[in-house]
Amino acid sequence: MDSQWYQIGYLLSASFFIFGLKMLGHPRTAPRGNQLGALGMLTAVVTVLLETDLVNNPLLIVAGIAIGALIGAWLAVRVEMTGMPELVALFNGFGGAASALVALAEAYAAIESENIPEGLELHVAWVAIGLSALVGWMTLTGSLVAYAKLKGGFMIFGKWRKTPTWGPSWLNPIKALSLGAAFVLIFMTIQTPSDLELVWLLIALSCVIGVILVLPIGGADMPVVVSLLNSLSGIAAAFTGFIISNSVLIIAGSLVGASGLILTFIMCKAMNRRLFDVLLKSFGGTEKESVTRTKVGSDPDEVAMILDGAQKVIIVPGYGMAVSQCQHQVKEFADLLEEKYGTEVKYAIHPVAGRMPGHMNVLLAEASVPYEKLIEMDEINPELPEADAAIVIGANDTCNPVARSGEGPLAGMPIIDVDNARSVVIIKRSLSVGYAGVDNDLFYMDKTMMLFGDGKKMMTALNTAIKES
Amino acid sequence: MEPATLIGSLTLFALAIFLGFELITKVPPTLHTPLMSGANAISGISIVGAILGANVLYDSGHTEISGVIAFFALILATINVVGGFAVTNRMLQMIAGRRKRGGD
């Protein structure tokens with residue numbers, strides 16, 4: 001078949017991606033958008049299989065696709081809802097590495113077949129190979145660090161280690177220097193294109209850059225980082241497209257690169273952070289403050305008493321709810337209140353509650369909490385002064401009043417004004433600091449009752465106490 | 001590579017970047033994670049490059065290493081693509097399920 005026809009296949013695939021991405025941004029059309037994206041990918045793969053003439057060499061390629069598909073599907077099906085953000089980070093790293101590996105393979109192919117291009121072609125190919133390697137490997141190691149940070153730690157020889165957050169201020173010039181060195185290396189590879197050692201040096205340097213870029217960033221900012229890395233992995237795919245002059249790689253890669261960057265800014269805005277600050281000023285968990293104040297814990301019966309006859313209760317879920325998987329108990333709790341006292345129950349959703357935007361929505365959806373009861377922060381805040389009680393379940397930083405003070409790592413982050421409610425119940429395992437490493441005054445207020453314990457256990461006990469009261 | 005090919009590639013690159021900037025506006029927070037995950041699956045498009053690269057192995061006997069590298073790229077890209085779309089689908093289904101049950 002004529003090569004023009006394959007171009008039509010790639011064009012079709014690119015169109016699917018464009019409409020898919022567009023539809024993913026609206027709640028009603030999002031599932032269709034995702035399917036369109038998958039259809040676009042299928043179109044691209046079928047086209048390239050026809051182009052490479054599968055009859056010639058089916059085994060290796062089919063094997064590669066089968067292995068990858070099995071691993072990918074297994075990971076996607078097996079993952080718990082709480083583990084999804086980490087998985088996205090991991091997939092993202094793989095995508096970046098794949099682009100970089102394709103670029104490396106092209107470099108090897110040219111050198112091994114002693115068919116090194118010259119002139120303009122050499123410049124374009126080797127700049128693209130270099131940039132693809134830089135961005136791709138940086139995305140891989142950065143994503144792996146983000147993965148470990150989202151998990152909270154990693155296993156070494158069966159021992160659990162906490163992910164460190166380490167970022168002295170002198171690391172910033174080092175980041176800039178390494179990036180500069182990487183560009184010099186790319187320039188040097190053009191001078192001696194047959195020297196693969198330079199390429200390997202570039203790969204090593206890129207891996208280091210990825211690590212030192214993400215390591216100083218605190219866990220609370222990880223969603224933004226993963227989104228940025230997602231954008232970078234798109235850019236890496238686009239650079240790879242330049243090497244093999246493939247239109248669909250260029251289009252899909254730059255689409256993801258650009259829209260990923262926009263999404264990163266949208267997320268930054270939701271957290272009231274600037275991308276520059278996220279990347280260059282370390283935030284969160286640097287030095288965990290030691291907690292010196294104390295608060296006497298309450299018990300479920302006492303809380304049930306407070307809730308007796310309440311007219312309005314607002315539930316504020318956080319990562320603790322995700323960890324203990326107590327969304328069903330939370331739903332039961334809301335149903336109980338509604339039945340018994342006719343209480344109006346609403347859920348206050350902070351844009352970054354949990355480890356990812358939308359984390360809470362997905363979990364509560366699983367417990368079939370009605371959509372219209374999930375209220376976003378800006379809309380729920382004016383309602384809090386009317387609430388008889390705010391029930392905070394495993395949330396901390398997203399309702400820490402210190403954010404209003406304009407000092408410390410949480411400064412300026414919009415919060416849910418839980419402290420305006422008539423009484424506050426906080427379910428939490430201890431008084432320890434949250435992700436951002438800042439003590440929370442809310443815990444020590446007179447109207448606050450602390451229920452120390454695992455979310456699921458405490459919610460179950462609370463439900464029993466309400467039934468019995 | 002002809003200069004014309006390069007210009008063509010650069011044109012695609014620039015236009016797609018502009019399009020990408022315009023494509024995403026005002027996304028509700030619920031969709032931030034699914035959108036990121038779906039876009040991430042699309043960036044697995046390097047699967048096409050990996051298939052082309054792995055194919056070289058058979059075209060000439062000189063390029064075995066590049067074929068092996070491309071083979072690993074193919075596995076990683078497929079994980080990204082299949083896993084990415086599947087996980088996005090799971091997230092969206094939960095949201096859709098909620099709408100169905102939650103809608104009056």
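Here are some notes:
- Qualifying positions in the stretch A:308-350 - more than 20 Å from A:Glu376 (Cα to Cα), at pLDDT 85 or above and outside any loop (DSSP other than H, G, I, E, B): A:His328, A:Gln329, A:Glu332, A:Phe333, A:Asp335, A:Leu336, A:Leu337, A:Glu338, A:Glu339, A:Lys340, A:Tyr341
- A:Glu376 vs. criteria under 24 Å from the mean Cα position of the chain (by Cα) and of a type in the set (D, E, K, R): yes
- As a summary of the residue check, A:Trp5 satisfies the conditions (1) over 24 Å from B:Ile95 (Cα atoms); (2) facing chain B (nearest Cβ under 10 Å); (3) aromatic (Phe, Trp, Tyr) except for the one numbered (2).
- Counting residues in the stretch A:176-188 that are touching a strand residue (DSSP E or B) at 6+ places or on another chain (Cβ under 9 Å), crowded, with 17+ Cβ neighbours inside 10 Å and more than 11 Å from chain B (Cβ to nearest Cβ) gives zero.
- Residue in the stretch A:109-122 that is buried (at least 22 other Cβ atoms within 10 Å of the Cβ) and within 18 Å of A:Ile235 (Cα to Cα) present: no
- The one condition in (1) among the polar types (S, T, N, Q); (2) at the interface with another protein chain (Cβ under 7 Å from one of its Cβ atoms); (3) more than 22 Å from the chain's Cα centre (by Cα) that A:Asn34 fails to fulfil: (3)
- Extreme residue, farthest from the chain's Cα centre (by Cα), among residues of the stretch A:80-96 that are of a type in the set (A, V, I, L, M, F, W, C) and at the interface with chain B (Cβ under 7 Å from one of its Cβ atoms): A:Phe94
- A count restricted to the stretch A:97-124 and to residues that are within 7 Å of another protein chain (Cβ to nearest Cβ) and among the aliphatic types (A, V, I, L, M) stands at 9.
- Verdict on B:Phe18 being more than 7 Å from chain A (Cβ to nearest Cβ), on the phi < 0 side of the Ramachandran plot and modelled with pLDDT of 90 or more: yes
- Identity of the residue in the stretch B:61-89, more than 7 Å from chain A (Cβ to nearest Cβ) and in a helix (DSSP H, G or I), that ends up modelled with the highest pLDDT: B:Val68
- If the condition is being free of Cβ contacts under 8 Å to residues at least 24 places away in the same chain and touching a His at 6+ places or on another chain (Cβ under 7 Å), then the stretch A:325-377 contributes only A:Gly358.
- Hits in the stretch A:71-108 (condition: of a type in the set (S, T, N, Q) and surrounded by fewer than 24 Cβ atoms within 10 Å (Cβ to Cβ)): A:Thr82
- Selection count, the stretch A:241-280, where residues are under 22 Å from A:Lys175 (Cα atoms), aliphatic (A, V, I, L, M) and modelled with pLDDT of 90 or more: 1
- Residue, farthest from the other protein chains (Cβ to nearest Cβ), within the stretch A:259-271, restricted to residues that are among the aliphatic types (A, V, I, L, M) and surrounded by fewer than 24 Cβ atoms within 10 Å (Cβ to Cβ): A:Met271
- Among residues of the stretch A:57-69 that are facing chain B (nearest Cβ under 7 Å) and more than 9 Å from B:Ile75 (Cα to Cα), none has a Cβ under 8 angstrom from a residue that is of a type in the set (D, E, K, R) and not in a helix (DSSP H, G or I) at a sequence gap of 6+ or on a separate chain.
- Remark: pairs (first residue in the stretch A:178-198, in the same structural domain as A:Glu106 (by TED's automatic domain parsing) and part of a loop (DSSP other than H, G, I, E, B); second residue modelled with pLDDT under 85 and of a type in the set (A, V, I, L, M); Cβ separation under 7 Å; 6+ apart in sequence or on different chains) = A:Pro193/A:Ile116; A:Pro193/A:Leu122; A:Ser194/A:Ile111; A:Ser194/A:Ile116.
- The one condition in (1) at pLDDT 80 or above; (2) farther than 30 Å from B:Thr5 by Cβ; (3) aromatic (Phe, Trp, Tyr) that A:Phe283 fails to fulfil: (1)
- Qualifying residue in the stretch A:360-379 (condition: part of a loop (DSSP other than H, G, I, E, B) and either more than 30 Å from A:Glu86 (Cβ to Cβ) or not assigned by TED's automatic domain parsing to the domain that holds A:Asn463 (or both)): no
- The number of residues in the stretch A:1-56 being modelled with pLDDT under 90 and of a type in the set (D, E, K, R) comes to 4.
- Residue that is hydrophobic (A, V, I, L, M, F, W, C) and at pLDDT 90 or above, where the choices are A:Ala125, A:Ala98: A:Ala98
- In the stretch A:403-419, the count of residues that are among the basic types (Lys, Arg) and modelled with pLDDT of 85 or more is zero.
- Inspection of the stretch B:25-44 finds a residue satisfying the criterion of being more than 7 Å from chain A (Cβ to nearest Cβ) and either of a type in the set (Ser, Thr, Tyr) or surrounded by 21 or more Cβ atoms within 10 Å (Cβ to Cβ) (or both).
The values are calculated or read from the model by the stated rules, or taken from the named source; none is laboratory data. Note that the structure is a prediction, hence the values are computed from the model and not measured. Because the Cβ atoms are built from the backbone with ideal geometry, glycine has one as well, and the counts that use them run over all protein chains shown.
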